[in-house]
1. Considering only region 464-483, state which residues are open to solvent by 40 Å² or more (accessible area, probe 1.4 Å) and not acidic (D, E).
2. Could you check region 307-320 and list, in sequence order, the residues that are at pLDDT 95 or above and in contact with a helix residue (DSSP H, G or I) (Cβ under 9 Å, 6 or more places away or on another chain)?
3. Is it the case that some residue within region 382-397 is closer than 20 Å to F425 by Cβ, surrounded by 20 or more Cβ atoms within 10 Å (Cβ to Cβ), of a type in the set (G, A, S) and at pLDDT 95 or above?
4. Quick one: is T189 more than 21 Å from T127 (Cβ to Cβ) and out of contact with any Leu (no Cβ under 7 Å at 6 or more places or on another chain)?
5. Among the listed residues Y92, Y113, Y78, Y56, which satisfies the condition of being modelled with pLDDT of 95 or more and not aliphatic (A, V, I, L, M)?
6. Does R262 meet the test of being at pLDDT 95 or above, touching a helix residue (DSSP H, G or I) at 6+ places or on another chain (Cβ under 8 Å), open to solvent by 50 Å² or more (accessible area, probe 1.4 Å) and among the charged types (D, E, K, R)?
7. Could you please let me know if L590 is part of a strand (DSSP E or B), modelled with pLDDT under 75 and touching a strand residue (DSSP E or B) at 6+ places or on another chain (Cβ under 9 Å)?
8. When you scan region 100-215 for strands (runs of 3 or more DSSP E) that lie fully inside it, which ones turn up with 1 or more residues that are touching a Phe, Trp or Tyr at 6+ places or on another chain (Cβ under 6 Å), surrounded by 17 or more Cβ atoms within 10 Å (Cβ to Cβ) and of a type in the set (D, E, K, R)?
Amino acid sequence: MLGSESTMLNADTTGGLGNDVIYSIMVDRFYNGNRQNDVPNFAFAGDTSYDRHNRYWLYKTFAWNGPGDALRVSPDSYWGGDLQGVIDKLDYLHWLGVTVILLSPVFDNVNGYHYALGGSAYHGYWTKDFFRLDEHYVNPPAPGEGLYEVLSRGVLLQRLIKRAHSYDPPFKIILDVVLNHTSPAPIDTTILDQANYLEMGSLFEDGRLVGAPCRLADGTTCRESFVDEGWFHPPLHWVEWDDPGTFYDGYVNGNLADLDQRSAKVRDYFDRALDKWLALGIDGLRLDSVKTIYPDYLRALEARLRREHPDLILIGEYFDGGIFEKGLGSQSPSRSVRWLKGMRHTTMFNFSFAKAVRAYFTGRMDDLGTPAMIGHILDASSPRNALGQRSHNLVNFINNQDIPRVLSMKHASPDRYVAALKLLFVAPGVPKLFYGDEIGLGYYDGHPHWQHYSRDDPHWSRLFMPWDKFDDPLAREYLGLTRALIRLRKGNAFLKWGETRRLSAANLVNLIDGNSYLAIERRDPSNPDRTALFYFYSARQRDVLEFVVDLPDGEYRSLNGARTVRVREGRLRWRDVKVHESIIIDAAMLSNSGSAPSQSETRRSESIASGSSLPCPTPESAASCVPPR
């Protein structure tokens, strides 16, 4: 294989990530490891009105339609995933080969059904108490334990961290923290609506109420009854996403109680909460919604955390962040780029990569969805890339919890999805999988969810992980491809930070043809004697695509040996190109025999994962393909 771990000496690891592959989990939708917390009444066993209110909503917000994904038609309810489920699947994640596990927020969220925001807090982003774990994700108290042990001490989270760190190599665990807001407190809510908003954005510390954004009385709204106790911004206006004057003190969607991070109370609260959980051995933090948090607070927090935890991973979620934050017409540098340059030890998610790749491989071809724009995003030396070398630390993805999955989008197809997945692992930066990406999770015509909701509803990006579908032939092909790509990535550390060049086909002269293929060359600048790795994709069927390359003459095989390309006199020729076919060529894989692919290899080249290593569909390697269940 190309490269080696030693080449990482040349890599910038700003943000704390090295040659890593991230696996992002929405805890409620991953695996149900303990059905006794599906309706966790044990956390509210008393007879107060607050206990009764919570027990009522715990029952009402669990999806009772059935234990399997196929029967669930309520995307905004709890579906039963928990921390025990993550522990139970660590063997699978180790088998898959990922190195970092990113968990959705696991801190204590409000209970209820919040109509203005579309459902319950199953996603974890409506926190009321940052000093406790949410009752939906923990096991009920064992004999000799109480609520303090399971909620406040977090014994199950401790068990997860200890088990994750016991693997060779150890997993890194990242927790998602929401520093911007608490829970729903709609600005114009009246006391008549409070049955669905009992906490009204209130903040708790280990079960004790410490602050509230408003104190409703008859005839008043939250806007009119604000209480300035040094915790929250006044509920005056919404966050307008194109108006930075509203970013830091506005209420997201006009509903989420906005914390004032310039308040000493808030800063002290978060310092103590984060210290509590970091003391358990957490390896990193995902900082949610950094676009709406005072930059000076985040810089001070970053400095303190890295001073006390020098190896801590820090990833900021700046929605739409990247060099093309607002598309082709983005100012340069964009707001998110300016934000990132103000952070010395933090990286961020690369939404520009996601938007461009999703558009291109679903045929939208908008201003970002072109090979030229993808080239600017990937190439740190491009004059359009305002981040330069620092773009090598960004976290790339094609799916996340806030956007529809690629395979749920119009014009998506298995072959296009495979091409996007391969590009994710060949691109500079750090690849992130959203749970289920490895088996092509999505919904489409014929899927049981498709008839119920629009495919553009992001709730349906949060499908339940279908563990009973791993024997599906298509899922096995996706799984084999993903596992092979992870091995490729881990064996070639230079892919994170090495040089990137977009290639132009020498045999195509029509400018219109330029958008119908994508060709990328990756090289290790620290070792010029090494050859390169190439990515090729064609949206059309062609007799041949031809590229000028600096390679010795010969025949080169794709990573699974199923496809070959020939180089002669500095020209690489890819023949008999299929529509939406993609291949990865490691130039170190020079074929000595020059013989034609075998019949079995030819069959594999015609599968959706053409050009990749596929241990799963091949009978001779079936044993190594079967993941731990």
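The values are calculated or read from the model by the stated rules, or taken from the named source; none is laboratory data. Only a predicted model underlies this, so the values are computations on that prediction, with no experimental measurement involved. Counting neighbours? That spans all protein chains shown, and the Cβs are built from the backbone with ideal geometry, glycine included. The accessibility values were calculated without ligands, DNA or RNA, using every heavy atom of the protein model including side chains. Shrake-Rupley method; radii C 1.70, N 1.55, O 1.52, S 1.80 Å.
1. In the first step, residues of region 464-483 are kept if they are open to solvent by 40 Å² or more (accessible area, probe 1.4 Å); the result is 468-469, 471-474, 476, 483.
Once the filter is applied, which keeps residues that are open to solvent by 40 Å² or more (accessible area, probe 1.4 Å) and not acidic (D, E), region 464-483 yields K469, P473, L474, R476, R483.
2. Restricting attention to region 307-320, the residues satisfying the condition of being at pLDDT 95 or above are 307-318.
Result: E308, H309, L312, L314, G316, E317, Y318.
3. no
4. So T189 does not fit the description; no.
5. Details: Y113 fails: modelled with pLDDT of 95 or more; Y78 fails: modelled with pLDDT of 95 or more; Y56 fails: modelled with pLDDT of 95 or more.
Exactly one of Y92, Y113, Y78, Y56 is modelled with pLDDT of 95 or more and not aliphatic (A, V, I, L, M), namely Y92.
6. Details: at pLDDT 95 or above: yes; touching a helix residue (DSSP H, G or I) at 6+ places or on another chain (Cβ under 8 Å): yes; open to solvent by 50 Å² or more (accessible area, probe 1.4 Å): yes; among the charged types (D, E, K, R): yes.
It is true that R262 is at pLDDT 95 or above, touching a helix residue (DSSP H, G or I) at 6+ places or on another chain (Cβ under 8 Å), open to solvent by 50 Å² or more (accessible area, probe 1.4 Å) and among the charged types (D, E, K, R).
7. Values: part of a strand (DSSP E or B): yes; modelled with pLDDT under 75: yes; touching a strand residue (DSSP E or B) at 6+ places or on another chain (Cβ under 9 Å): yes.
Against the criterion (part of a strand (DSSP E or B), modelled with pLDDT under 75 and touching a strand residue (DSSP E or B) at 6+ places or on another chain (Cβ under 9 Å)), L590 qualifies.
8. Values: elements: 100-103, 107-109, 127-133, 172-177, 181-184, 203-205, 208-211.
Fully inside region 100-215 and qualifying: 127-133.
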